[in-house]
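Trainee: Following this message is one structure expressed as structure tokens.
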Amino acid sequence: MRRRFGVHGPQPKLAQLFTEGLDQLQPLRAHTLSRLEELRPVILSESRRQQINPMLVAAVLFDELQHAKPGEDTPLAAESGLFQTHGPAQLSIGELKKQGLLPDDPTPEQISAARLHLLDPERNVEVLVGKFARLSRVLNLPRHRLLMASRDPRDAKALATLAYLHNGKLDYPGRILRYMQNPELHGILYGTRRTPTSPLI
């Protein structure tokens, strides 16, 4: 699993506590929700096109945006080589290769363009949804319908697996499944932050 998907163990306990603390910071949370609201159209359109649950996409974006490092989403930081992942969903250029959007042996110019591609928020979301679609095919998950954790335990397991393969930490799937049930995230995607209007969890 580690070699094929790049997964690893859970966060250390201290890091988990830090993550939970960040989630409670209201100004940061409000900023993250605002950014998600801006990405709502592309989340919904790409998820519909690729038959991916948009709440999974929103939950992953929420988590990654909440815990982004200051300044890492700038072209200068991306070009510095200090960061291996880029954009709202924290994706690597390796994912572009897997989706056929970048050659296996890219030139320095192509690598630079790929980093800028991932820094574009809407394109980043497109690649994230494409990643979940690609992994769904690899894992032979149902592609004719949306996976919904509230409908079938097998769907919940499949969604947790997709989340795990995105981030690679054992404690990540549980957090993502909780975010998928968050009324605020439902409200952003489906029209009101107070009352969820869709059962897609």
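Trainee: Residues of segment 46-70 being touching a helix residue (DSSP H, G or I) at 6+ places or on another chain (Cβ under 7 Å), in a helix (DSSP H, G or I) and more than 20 Å from E184 (Cβ to Cβ), which ones?
Mentor: Matches in segment 46-70: E46, Q50.
Trainee: So S150 passes all but one of these: (1) of a type in the set (S, T, N, Q); (2) at pLDDT 95 or above; (3) in a loop (DSSP other than H, G, I, E, B). Which condition number does it fail?
Mentor: So S150 meets the others, but not (2).
Trainee: Would a scan of segment 75-94 turn up a residue that is out of contact with any Pro (no Cβ under 8 Å at 6 or more places or on another chain), charged (D, E, K, R), within 20 Å of A30 (Cβ to Cβ) and surrounded by fewer than 16 Cβ atoms within 10 Å (Cβ to Cβ)?
Mentor: Scanning segment 75-94 turns up no residue that is out of contact with any Pro (no Cβ under 8 Å at 6 or more places or on another chain), charged (D, E, K, R), within 20 Å of A30 (Cβ to Cβ) and surrounded by fewer than 16 Cβ atoms within 10 Å (Cβ to Cβ).
Trainee: Follow-up question, since we're still on this one. Please verify whether N124 is under 25 Å from L33 (Cβ atoms), of a type in the set (S, T, N, Q), surrounded by 15 or more Cβ atoms within 10 Å (Cβ to Cβ) and modelled with pLDDT of 95 or more, treating the condition exactly as stated. Quick ask: steps written out before the conclusion?
Mentor: On the way: under 25 Å from L33 (Cβ atoms): yes; of a type in the set (S, T, N, Q): yes; surrounded by 15 or more Cβ atoms within 10 Å (Cβ to Cβ): yes; modelled with pLDDT of 95 or more: yes.
Answer is yes for this residue.
Trainee: Filter segment 168-180 for residues that are in contact (Cβ under 8 Å) with a residue 24 or more places away in the chain, closer than 21 Å to S136 by Cβ and of a type outside the set (K, R) and give the result.
Mentor: G168, L170, Y172, I176, L177, Y179, M180
For (1) farther than 22 Å from G168 by Cβ; (2) part of a loop (DSSP other than H, G, I, E, B), each residue gets a yes or a no:
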position: E72; (1), (2): no, yes
position: L76; (1), (2): yes, no
position: Q84; (1), (2): no, yes
position: L101; (1), (2): no, yes
position: D105; (1), (2): yes, yes
position: E109; (1), (2): yes, no
position: L135; (1), (2): no, no
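Trainee: Among the residues of segment 93-122, count how many are free of Cβ contacts under 8 Å to residues at least 12 places away in the same chain and touching a helix residue (DSSP H, G or I) at 6+ places or on another chain (Cβ under 8 Å).
Mentor: Matching residues across segment 93-122 total 2.
Trainee: Please tell me if L56 is closer than 15 Å to Y172 by Cβ and surrounded by 15 or more Cβ atoms within 10 Å (Cβ to Cβ).
Mentor: yes
Trainee: Any residue at all in segment 95-105 that is closer than 25 Å to H67 by Cα, under 15 Å from the mean Cα position of the chain (by Cα) and surrounded by fewer than 20 Cβ atoms within 10 Å (Cβ to Cβ)?
Mentor: no
The values are calculated or read from the model by the stated rules, or taken from the named source; none is laboratory data. The shown structure was predicted, so the numbers you read here are calculated from the model rather than taken from an experiment. All Cβ positions, glycine included, derive from the backbone under ideal geometry; neighbour counts span all protein chains shown.
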